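Colleague: Here it is, the structure, as structure tokens.
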Amino acid sequence: MSENKNILKDTHGRDHAYLRISLTERCNLRCTYCMPADGVQLSPKSHLMTYEEIYDIAKTFVDHGVTKIRLTGGEPLVRKDIPVILEKLATLPVELSITSNAVIIDRFIDDLKRNGIKKVNVSLDSLDEGKFKHITRRHEFKRVYNNILLLVKEGFTVKVNAVLMKGFNDDEIIDFINFTKNLPVSIRFIEFMPFDGNKWDISKMVSYAKVMEYVNEAYHKDDILRLKDAPNDTSKNYKIKGYQGSFAIISSVTNPFCDSCNRLRLTANGQLKNCLFSATESDLLTTLRAGKSIEPIIQKAVRAKFKARGGMDTLEKLQKPQLHGKNRSMITIGG
């Protein structure tokens with residue numbers, strides 16, 4: 001353990017207790033906002049973390065105060081050693097959760113339960129089968145939909161993440177909210193964010209304010225209930241009176257939640273990103289493989305974290321491709 005016990009505190013006073021670990025850059029879908037149309041250059045297998053390295057790096061973070069770990073990808077469940085990774089990480093004193101596209105999650109229900117995973121986030125950008133195929137470039141809607149119902153039936157806490165894009169799925173906002181009427185799920189609307197190759201344009205983005213316009217038109221104001229947000233929550237949470245589930249808006253672009261950010265990201269090839277929007281990365285894997293301590297690198301990366309959105313602290317900066325174009329595509333960062 002480093003002499004400085006506070007290696008996860010940044011210069012803005014934020015403690016980082018939440019680590020998102022990408023297990024793979026591979027995915028069985030091809031979502032347009034996540035992966036460039038011509039694909040991505042995958043890291044060679046030798047450059048990716050083994051399950052032992054994932055555990056060793058995760059343990060270092062846990063030793064310094066991380067209490068939550070979320071596994072992401074790509075699609076984390078396409079990794080062949082996922083059962084072993086789950087078993088190893090389940091030995092750490094953390095809340096372990098996973099984000100998946102749910103295409104094959106039915107095969108892993110027992111693995112998830114055995115290793116104490118109770119929370120599953122599912123990416124689903126349309127409730128329309130044709131649109132789903134268009135956005136994912138794959139024909140898997142029925143399987144994903146049925147697996148969401150299966151996860152609920154099996155007792156998991158399910159959040160459904162939908163990236164909103166103007167002219168594509170903004171006409172489904174109310175359909176998504178009505179999906180929560182008889183199902184105890186949380187629908188989370190995410191503002192479209194800029195990454196390499198996803199042709200981001202602020203005109204395609206559906207803002208938090210716009211979502212609430214749709215909501216206020218569709219429901220009586222007394223039936224729209226504002227819920228209490230959890231500490232460090234990225235979302236503003238609501239529910240419709242009498243509905244089993246809830247909905248939320250993640251406003252990373254128009255109303256960022258950077259002041260309370262407690263998240264760090266580890267890519268599948270062992271790079272630490274101190275912010276989703278950050279173009280800089282810190283190589284933990286090379287140092288780990290050299291048998292040296294990764295703690296100084298972690299501390300330096302955390303202390304270099306900008307106050308807001310990787311330094312793009314205004315919408316004007318966010319609209320400059322030369323700034324966000326240096327970032328990876330989303331699939332190689334980890335969702």
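Colleague: Got a number for residues in segment 69-90 being touching a residue at least 12 places away in the same chain (Cβ under 8 Å) and open to solvent by 10 Å² or more (accessible area, probe 1.4 Å)? Explain how you work it out, then say what you get.
Modeller: From segment 69-90, those touching a residue at least 12 places away in the same chain (Cβ under 8 Å) are 69-79, 81-90; that's our starting set.
Filter once more, so that each one left must be open to solvent by 10 Å² or more (accessible area, probe 1.4 Å): 70, 74, 78-79, 81, 83-84, 87-88, 90.
Summing the residues that are touching a residue at least 12 places away in the same chain (Cβ under 8 Å) and open to solvent by 10 Å² or more (accessible area, probe 1.4 Å) in segment 69-90 gives 10.
Colleague: Let me ask something else. Identify, from the list Leu92, Leu112, Leu149, the residue that is touching a helix residue (DSSP H, G or I) at 6+ places or on another chain (Cβ under 6 Å) and outside any strand (DSSP E or B).
Modeller: Sole residue among the options that is touching a helix residue (DSSP H, G or I) at 6+ places or on another chain (Cβ under 6 Å) and outside any strand (DSSP E or B): Leu92.
Colleague: Name the one entry in Tyr208, Tyr145, Tyr214 that is among the aromatic types (Phe, Trp, Tyr) and closer than 23 Å to Ser100 by Cβ.
Modeller: Values: Tyr208 fails: closer than 23 Å to Ser100 by Cβ; Tyr214 fails: closer than 23 Å to Ser100 by Cβ.
Answer to the selection: Tyr145.
Colleague: Pairs under 9 Å by beta carbon, first residue without any contact (Cβ under 8 Å) to a residue 24 or more places away in the chain in segment 220-238, partner of a type in the set (Gly, Ala, Ser) and open to solvent by 60 Å² or more (accessible area, probe 1.4 Å), six or more apart or different chains?
Modeller: Asp223/Gly242
Colleague: Only one of these conditions is not met by Gln41: (1) assigned to a loop (DSSP other than H, G, I, E, B); (2) within 20 Å of Leu151 (Cα to Cα). Which number is it?
Modeller: Unmet for Gln41, out of (1) assigned to a loop (DSSP other than H, G, I, E, B); (2) within 20 Å of Leu151 (Cα to Cα): (2).
Colleague: Take the residues of segment 161-177 that are open to solvent by 10 Å² or more (accessible area, probe 1.4 Å) and touching a helix residue (DSSP H, G or I) at 6+ places or on another chain (Cβ under 6 Å): which is modelled with the highest pLDDT?
Modeller: Per the stated criteria, the residue is Ile174.
Colleague: Are there any pairs with C-beta distances below 8 angstrom linking a residue in segment 50-63 that is of a type in the set (Gly, Ala, Ser) and part of a helix (DSSP H, G or I) to a residue that is surrounded by fewer than 18 Cβ atoms within 10 Å (Cβ to Cβ) and at pLDDT 95 or above, with the two at least 6 apart or on different chains, and if so which?
Modeller: Taking only residues 6 or more apart or on different chains, the pairs are Ala58/Leu92.
Colleague: Among the residues that make up segment 130-148, is at least one of them surrounded by fewer than 16 Cβ atoms within 10 Å (Cβ to Cβ) and within 18 Å of the chain's Cα centre (by Cα)?
Modeller: No, that holds for no residue.
The values are calculated or read from the model by the stated rules, or taken from the named source; none is laboratory data. Remember, predicted model here, so these are calculated numbers, not experimental data. With ideal geometry, Cβ positions are generated from the backbone for all residues, glycine too; neighbour counts draw on all protein chains shown. Just the protein is used for accessible areas: all its heavy atoms, side chains included, with ligands, DNA and RNA removed. Shrake-Rupley method; radii C 1.70, N 1.55, O 1.52, S 1.80 Å.
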